[in-house]
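Undergrad: Take a look at this one; I'll ask things after.
Readers should treat all values here as calculations from the given coordinates under stated rules, not as data from a laboratory. Values in this document were obtained by computation on a predicted structure and should not be read as measured data. Quick reminder, even Gly has a Cβ in these numbers, built from the backbone with ideal geometry, and neighbours come from all protein chains shown.
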Amino acid sequence: MPHVIVKLWPGKTREQKAELAQAIADDFVRLLGSKDTSVSVAFEEVPSDDWMATVFEPDILGKWDSLSKQPGYGPRPE
């Protein structure tokens with residue numbers, strides 16, 4: 001614990017992903033007291049044409065009340 005899944009558009013390098021994964025792990029250690037060895041990070045690349053249907057609608061709009069940070073794009077729940 002914890003396991004973080006980052007969904008993003010394709011095109012980031014392996015090095016960028018590794019740096020981001022370590023930054024996420026470092027923040028878990030710093031802010032929540034997790035051990036670095038207990039943090040795992042995965043990346044799911046989602047093409048931009050699929051973003052609204054496969055990420056925004058189910059994971060953002062569909063879970064709006066549980067978001068800690070809301071995006072500055074797309075529709076808002078009614």
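Undergrad: Where does the chain land at 222 nm, in deg cm²/dmol rounded to the nearest 500, when only DSSP H runs of n ≥ 4 count, each adding -39500 (n - 2.57), divided by all residues? Intermediate results must be reported in sequence, preceding the final value.
TA: Working: 1 runs with 19 residues, N = 78.
Mean residue ellipticity at 222 nm (helix-derived): -8500 deg cm²/dmol.
Undergrad: Please report the orientation-averaged projected area of the chain, defined via the convex hull of its C-alpha atoms, in nm². Mind dumping the intermediate values first?
TA: On the way: hull surface 24.1 nm².
With every direction weighted equally, the projected area is 6.0 nm².
Undergrad: Would you mind checking which residues have amide H under 5 Å from LYS7's amide H? H placed 1.01 Å from N; only 5 or more apart, or other chain.
TA: Amide H neighbours of LYS7: GLU44.
Undergrad: Using DSSP to call loops (not H, G, I, E or B), can you name the trypsin sites (Lys or Arg not before Pro) in the chain whose Cβ has at most 10 other Cβ atoms within 10 angstrom?
TA: Those satisfying the criteria are LYS35, LYS69.
Undergrad: While we're here: Taking the dipole about the Cα centre of the chain, with the C-beta of Lys and Arg at +1 and of Asp and Glu at -1, give me whichever of LEU32, TRP51, TYR73 is farthest to the positive side.
TA: Of LEU32, TRP51, TYR73, it is LEU32.
Undergrad: Also, I was wondering about something else. Determine the dipole magnitude for the chain: charges of +1 sit on the beta-carbon of Lys and Arg, -1 on that of Asp and Glu, nothing else is charged, the reference point is the Cα centre, and the result goes in debye to the nearest 20. Intermediate results must be reported in sequence, preceding the final value.
TA: On the way: 9 positive and 13 negative charges, 48 e Å.
In total the dipole reaches around 240 debye.
Undergrad: Right, another one. Using the Karplus curve 6.51 cos²θ - 1.76 cosθ + 1.60 with θ = phi - 60°, work out ³J(HN,Hα) for each residue of the range 24-40 in order, rounded to whole Hz, and write x for Gly and Pro.
TA: 4, 4, 4, 5, 4, 5, 5, 8, 10, x, 5, 8, 4, 6, 9, 9, 10
Undergrad: Hand me the chymotrypsin sites (Phe, Trp or Tyr not before Pro) from the range 23-78 located in a DSSP loop with no more than 12 other Cβ atoms within 10 Å, in residue order please.
TA: Details: sites: PHE28, PHE43, TRP51, PHE56, TRP64, TYR73; in loops: TYR73.
When the chymotrypsin sites (Phe, Trp or Tyr not before Pro) of the range 23-78 are filtered for loop state and at most 12 Cβ neighbours within 10 Å, TYR73 remain.
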